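The values are calculated or read from the model by the stated rules, or taken from the named source; none is laboratory data. Not measured: the values here are computed from a predicted model. Positions of Cβ are backbone-derived with ideal geometry, glycine not excepted, and every protein chain shown enters the neighbour counts. Quick note on the areas: whole protein, heavy atoms, side chains included, nothing else; ligands and nucleic acids left out. Shrake-Rupley method; radii C 1.70, N 1.55, O 1.52, S 1.80 Å.
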Amino acid sequence: MTPLENEITALKAELVNMWILVQSQLNKAKEAMVQFDKDLAREVLVKEKRVNSFELKIDRDCENIFALHCPVAIDLRFLLAALKINTNLERIGDIAAGIALYVVESSVNFDAAALEKTSLIRMYDEAVNILMDTRTAFEKEDTVLARSIFKRDDVLDAINDNSPNTVGDIIKADINSLPEALYILSIIRKLERIGDQSKNIAEEIIFYVEAKILKHFESSKKINPEDEE
């Protein structure tokens, strides 16, 4: 392998390690939420510093490869994608820390019935699974799997869209549940953003493997051809 190939292989491994850390953060934040484990939630907040350190190191490594090797073609696309994926993963790490912070701040346990009614646990599990599949797509350069992420995000969007009504019903049934219900609504909003970040990652995988840019593709399809005349 050439020096450039060695550095790109090492960079890919670093990204995968960051992915694993971010997934762990999400899983621990979920467990802390379900078990109302404030100590575990605080652990997530402490480890957020590791996620940030990963992001900075990967950024520096990308910059060094650009400076030393002047990559072209797929190597260049990979580095451009890596920079964006790195940012997306860091933002998902922020989301995990934000959920953990809600657990630390909340004075009451999250009611199991409320979590069930809002489909929060189902949404959380799907968000984590989507993130895991983006990692698999990245490692295997599987653009078919990457494309499947776009449709699966619809599940998260649907739960998010329904959340104001379901949370409103919980509050109407018991006004004392207001603080807890607002935390649940905020967590749902954060999980929806995981879907958005995962779609961004999927787009970057397709970009570097196939040299196709998908950003704004959906919005461009909605343009009426008559509007362009």
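Structural remarks
- Test for ALA112: is it closer than 21 Å to ASN129 by Cα and over 16 Å from the mean Cα position of the chain (by Cα): no
- Criterion (over 21 Å from ASN27 (Cα atoms), assigned to a helix (DSSP H, G or I) and among the aliphatic types (A, V, I, L, M)) met by exactly one of ILE206, ILE184, ILE194: ILE206
- Each residue in region 62-77 was checked for being within 22 Å of the chain's Cα centre (by Cα) and open to solvent by 10 Å² or more (accessible area, probe 1.4 Å), and 1 pass.
- Within region 1-24, tally of residues that are open to solvent by 70 Å² or more (accessible area, probe 1.4 Å) and assigned to a helix (DSSP H, G or I): 6
- Going through (1) more than 21 Å from SER186 (Cβ to Cβ); (2) in a helix (DSSP H, G or I); (3) touching a residue at least 24 places away in the same chain (Cβ under 8 Å) one by one, ARG60 falls short only on (3).
Table: residues versus (1) open to solvent by 70 Å² or more (accessible area, probe 1.4 Å); (2) over 13 Å from VAL22 (Cα atoms); (3) not in a helix (DSSP H, G or I).
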{"position": "GLU55", "(1), (2), (3)": "no, no, no"}
{"position": "ASN86", "(1), (2), (3)": "no, no, no"}
{"position": "ALA97", "(1), (2), (3)": "no, no, no"}
{"position": "TYR102", "(1), (2), (3)": "no, yes, no"}
{"position": "ASN109", "(1), (2), (3)": "yes, yes, yes"}
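- Failed item in (1) within 25 Å of PRO179 (Cα to Cα); (2) open to solvent by 40 Å² or more (accessible area, probe 1.4 Å), with ARG135 passing the rest: (1)
- Residues that are acidic (Asp, Glu) and exposed (fewer than 15 other Cβ atoms within 10 Å of the Cβ), drawn from region 32-53: ASP39
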